[in-house]
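The values are calculated or read from the model by the stated rules, or taken from the named source; none is laboratory data. Small disclaimer: the values here were computed from a predicted structure and weren't measured. Note: ideal-geometry Cβ built from the backbone for every residue, glycine included; neighbour counts use all protein chains shown. For accessibility, only protein heavy atoms count, side chains too; no ligands or nucleic acids. Shrake-Rupley method; radii C 1.70, N 1.55, O 1.52, S 1.80 Å.
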Amino acid sequence: MTATDRIFHRVITNDWPQISHGKGSYLYAEDGRAYLDACAGVHVVSIGHGVPEITAAMQAQADKVCFTYARFLTQPQIDLAAKIAAMTPGDLNRVFFVSGGSEATEAGLKIARKYHLETGNPKKYKVITRWQSWHGNTIGALSMSGRSRWRDDYVPYLLDFPHITFPNPDHCPYCKDQPACTLSCADELERVIKQEGSEYIAAFIAEPISGTSCCGLMPPPDYFPTLREICDRHNILMIIDEVVTGYGRTGRNFGIEHWGVIPDIIATGKGLSSGYTPIAATIVRDEIYDGIYKKENHYVHGHTYGGNPLSCAIALAVQEYIEEHDLVSRCARMGDLMLEKMKPLENSPLVSAVRGKGLLTGVEFAKDKTTGEPFDPQEGITASIVNRVFEKGVLIMPGSPGVIDGVNGDHIAISPPFIIDEEQVETITGVIAEVVAEMERELGY
Ligand SMILES: Cc1ncc(COP(=O)(O)O)c(C=O)c1O
């Protein structure tokens, strides 16, 4: 038994390289190999690895105090909440700190429930969600998720929440024979609300633009405005999951801003600290907060590390760094370049779609793109592409299994740090194109 055998690995077929350090967009292994981090770990790292301003802020706060609990406030917590509130659209001004994205979406669920309890609608408890969505691994968050493969083992524990169709124009069961999008996937929300009974529905949850479930997919222009209108009509809170898209990754502070829609609750995580510390936040409209505290003086929920001063000081330093270096605009610019460079991949017989917004780019593969026939999932096409790209020194993410219907559909996700430069974009697109060409040859196209 070696020292690494003490780790409970998530996958035991891989030989994991050991990373010694990171700098900018690169991670460096103990054996000297460099990896271009073209997925920001897991859509997390925005400002790059090893930024001295952040380690200095970390040290400065650590010298003062690292941990306090709910009885106390600290300046970093106050300042970070103010900074986040200033970045959000509309009156999303109340910030509830947690430690990760699953905690953030699950806090959203509980906030929605509590709001309805306190405002005279005690029957409302269900959350409507979408297939092929991802909102996290804890049981509440997993119940709200539509990633079939990740739900399978835990189905007996999951809450009975309704799922509606995911808005993917390339695989839409409603519009495939129509000349244009009919928005039937949005109308499905109304139908499900009526069938379930609106008196039982507390909230609807969606990612504005998908991360790993269908990277870079932009729903049609009227999709979110239509959903907002339906939610309003039925007194259903709209929770937007910005765990991947929040804090700049799509070229706006928050992904939902691309539609001008104001949600009731926003769940955030990953990019809040760019990976320098585990921290996440659920942000709530004033009206929802006031509703919860109309008669009550207590929202019964919280985690030990929520709002700890060290994490808040680090996240604050990260958000200030993003602002000072205008990295959200840079992300939009480099995202456009990435998409432009990646689009020619659609000329390959293997590539059925290239999608993107900001630095969230997705590539989908098909066995026969003229008929849309997918590869047999057993062929492991996604894993094979990701592994070959990795061997060439570039990290990308496998898209979650079954982008088409939960079972079928291979795809990859590319989401580098915002500081990526033109040359690195060329390297990423070049390596992916090389691997696609290799696969074409081997598969006999
Ligand atoms: C959209 C989305 N929401 C929620 C989560 C859960 O976040 P965490 O893994 O930090 O719990 C993720 C994680 O990948 C995510 O992509």
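Note on segment 73-146: enclosed helices (runs of 4 or more DSSP H) holding 1 or more residues that are touching an Asp or Glu at 6+ places or on another chain (Cβ under 8 Å), closer than 28 Å to Val403 by Cβ and not basic (Lys, Arg) are 101-118, 139-143. Applying the criterion of being within 16 Å of the ligand (Cβ to nearest atom) and part of a strand (DSSP E or B) to the residues of segment 195-216, the residue that is farthest from Thr250 (Cα to Cα) is Ala203.
On the basis of being among the acidic types (Asp, Glu) and open to solvent by 40 Å² or more (accessible area, probe 1.4 Å), does Asp37 make the cut? Judged against the criteria, Asp37 is not a match. Here Lys357 clears all of (1) among the basic types (Lys, Arg); (2) modelled with pLDDT under 95; (3) surrounded by 21 or more Cβ atoms within 10 Å (Cβ to Cβ) except the condition numbered (2). None of Gly251, Gly271, Gly246 is part of a loop (DSSP other than H, G, I, E, B), in contact with a Gly (Cβ under 8 Å, 6 or more places away or on another chain), within 13 Å of the ligand (Cβ to nearest atom) and closer than 30 Å to Val425 by Cα except Gly246. Residues considered: Glu440, Glu379, Glu364, Glu434. Of these, the only one that is in contact with an Asp or Glu (Cβ under 8 Å, 6 or more places away or on another chain), among the acidic types (Asp, Glu) and at negative phi is Glu364.
Residues considered: Glu103, Glu118. Of these, the only one that is of a type outside the set (A, V, I, L, M) and farther than 23 Å from Lys295 by Cα is Glu103. Scanning segment 228-243 for residues that are more than 11 Å from the ligand (Cβ to nearest atom) and part of a loop (DSSP other than H, G, I, E, B) gives His234, Asn235, Ile236.
In segment 105-150, which residues are basic (Lys, Arg) and either at pLDDT below 95 or open to solvent by 40 Å² or more (accessible area, probe 1.4 Å) (or both)?
Quick first cut of segment 105-150, residues basic (Lys, Arg) only: 110, 113-114, 123-124, 126, 130, 147, 149.
Across segment 105-150, the qualifying residues are Lys110, Arg113, Lys123, Arg147, Arg149.
Restricting the first member to segment 289-306 and to residues that are buried (at least 17 other Cβ atoms within 10 Å of the Cβ), and the second to residues that are part of a loop (DSSP other than H, G, I, E, B), the beta-carbon pairs closer than 6 Å and six or more apart or on different chains are Gly291/Thr119; Ile292/Tyr299; Tyr305/Ser99.
Within segment 395-404, one or more residues are part of a loop (DSSP other than H, G, I, E, B), more than 20 Å from Pro344 (Cβ to Cβ), open to solvent by 30 Å² or more (accessible area, probe 1.4 Å) and not hydrophobic (A, V, I, L, M, F, W, C).
Residues in segment 8-31 that are among the small types (Gly, Ala, Ser) and either open to solvent by 100 Å² or more (accessible area, probe 1.4 Å) or touching a residue at least 12 places away in the same chain (Cβ under 8 Å) (or both): Gly22, Gly24, Ser25, Ala29. Residues that are over 24 Å from Glu373 (Cα atoms), in contact (Cβ under 8 Å) with a residue 40 or more places away in the chain and out of contact with any Phe, Trp or Tyr (no Cβ under 9 Å at 6 or more places or on another chain) within segment 150-196 comprise Glu190, Val192, Glu196, listed in sequence order.
With respect to Ala81, is the statement that it is within 30 Å of Ser143 (Cβ to Cβ), within 16 Å of the ligand (Cβ to nearest atom) and open to solvent by less than 40 Å² (accessible area, probe 1.4 Å) true? So Ala81 does not fit the description; no.
Under 23 Å from Gly136 (Cα atoms), out of contact with any Phe, Trp or Tyr (no Cβ under 8 Å at 6 or more places or on another chain) and crowded, with 23+ Cβ neighbours inside 10 Å: does that describe Gly255? I'd like the intermediate steps shown before the answer.
Numbers: under 23 Å from Gly136 (Cα atoms): yes; out of contact with any Phe, Trp or Tyr (no Cβ under 8 Å at 6 or more places or on another chain): yes; crowded, with 23+ Cβ neighbours inside 10 Å: yes.
Yes; evaluated as a whole, the condition is true for this residue.
Residues considered: Gly197, Gly216. Of these, the only one that is crowded, with 23+ Cβ neighbours inside 10 Å, at pLDDT 95 or above and either within 16 Å of Trp134 (Cβ to Cβ) or of a type outside the set (A, V, I, L, M) (or both) is Gly216.
Which residue out of Leu36, Leu27 is touching a Ser or Thr at 6+ places or on another chain (Cβ under 7 Å), part of a strand (DSSP E or B) and under 27 Å from Val389 (Cβ atoms)? Only one candidate passes the filter, namely Leu36.
Looking at segment 121-146, which of its residues are farther than 17 Å from Tyr289 by Cβ, away from the ligand (no atom under 12 Å from the Cβ) and touching a residue at least 60 places away in the same chain (Cβ under 8 Å)? Before you say what the answer is, go through the steps one by one.
Quick first cut of segment 121-146, residues farther than 17 Å from Tyr289 by Cβ only: 122-146.
Subsequent filtering for residues that are away from the ligand (no atom under 12 Å from the Cβ) retains 122-128, 131, 139, 143.
Scanning segment 121-146 gives Lys123, Lys124, Tyr125, Lys126, Val127, Ile128, Trp131.
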